[in-house]
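The values are calculated or read from the model by the stated rules, or taken from the named source; none is laboratory data. Keep in mind it's a predicted model, so treat the numbers as computed, not measured. Cβ placement follows ideal geometry from the backbone for every residue including glycine, while neighbour counts extend to all protein chains displayed. SASA here: full protein model, heavy atoms, side chains in, ligands and nucleic acids out. Shrake-Rupley method; radii C 1.70, N 1.55, O 1.52, S 1.80 Å.
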Amino acid sequence: MKRVITYGTFDLLHYGHINLLRKAKKYGDYLIVALSTDAFNWEAKHKRSYFSYEQRKMLVESVRYVDLVIPEENWEQKISDLHEYHIDTFVMGDDWKGKFDFLKEEGADVIYLPRTPQVSTTQIKQNLSNIFS
Ligand code: C2G
């Protein structure tokens, strides 16, 4: 069984996220999503998600391509995650290109996929605030 992992906040889940998850699943049979916790989002990415971790977890677990959702609590856990979950392939959008190449030394394939253009959580929030302000 080929196992794939990806990481992210996945707030206001949109079709760009779904494209990423669909393409990531094509690299194996089992897809794990390490979902950024609210604390990690704020402490490490200075992001406050609209939906809480539990709400985002429920949404991501509902996606047909996703087999397991685990918490992403820090930057450092990726290496231990690869070994703990016997990961073959690590996948991220190409806005992270090059940032996680060190994972190749742990024996994983590292794949950066093109982001879906014209959609982002930030853009959604801005558009909504323009419409309703
Ligand atoms: N994504 C995409 N196309 C978009 C928007 C997002 O392919 N239009 C991808 C991102 O490249 C990422 C995933 O969807 O691979 C999740 O996006 P975010 O929730 O924005 O993830 P991010 O905040 O970048 O967190 O340790 C890694 C971080 O947790 C990644």
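Each row is one residue, and each column tells you yes or no for (1) in a helix (DSSP H, G or I); (2) within 10 Å of the ligand (Cβ to nearest atom).
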| site | (1), (2) |
| --- | --- |
| Val63 | no, no |
| Trp75 | no, yes |
| Lys78 | yes, yes |
| Asp81 | yes, no |
| His86 | no, no |
| Glu105 | yes, no |
| Val110 | no, no |
| Arg115 | no, yes |
Any idea which residue in the range 76-96 is farthest from His14 (Cα to Cα), counting only those that are within 13 Å of the chain's Cα centre (by Cα) and open to solvent by 40 Å² or more (accessible area, probe 1.4 Å)? Trp96
Restricted to the range 97-133, and to residues that are among the charged types (D, E, K, R) and closer than 24 Å to Arg3 by Cβ, which residue is surrounded by the fewest Cβ atoms within 10 Å (Cβ to Cβ)? Glu105
Identify all residues within the range 24-61 that are of a type in the set (D, E, K, R), closer than 11 Å to Thr9 by Cβ and assigned to a helix (DSSP H, G or I); write none if there are none. Asp38, Lys45, Arg56
Inside the range 89-99, can you point out the residues that are hydrophobic (A, V, I, L, M, F, W, C) and within 8 Å of the ligand (Cβ to nearest atom)? Val91, Met92, Trp96
Residue check: is Ser52 more than 14 Å from the ligand (Cβ to nearest atom) and polar (S, T, N, Q)? yes
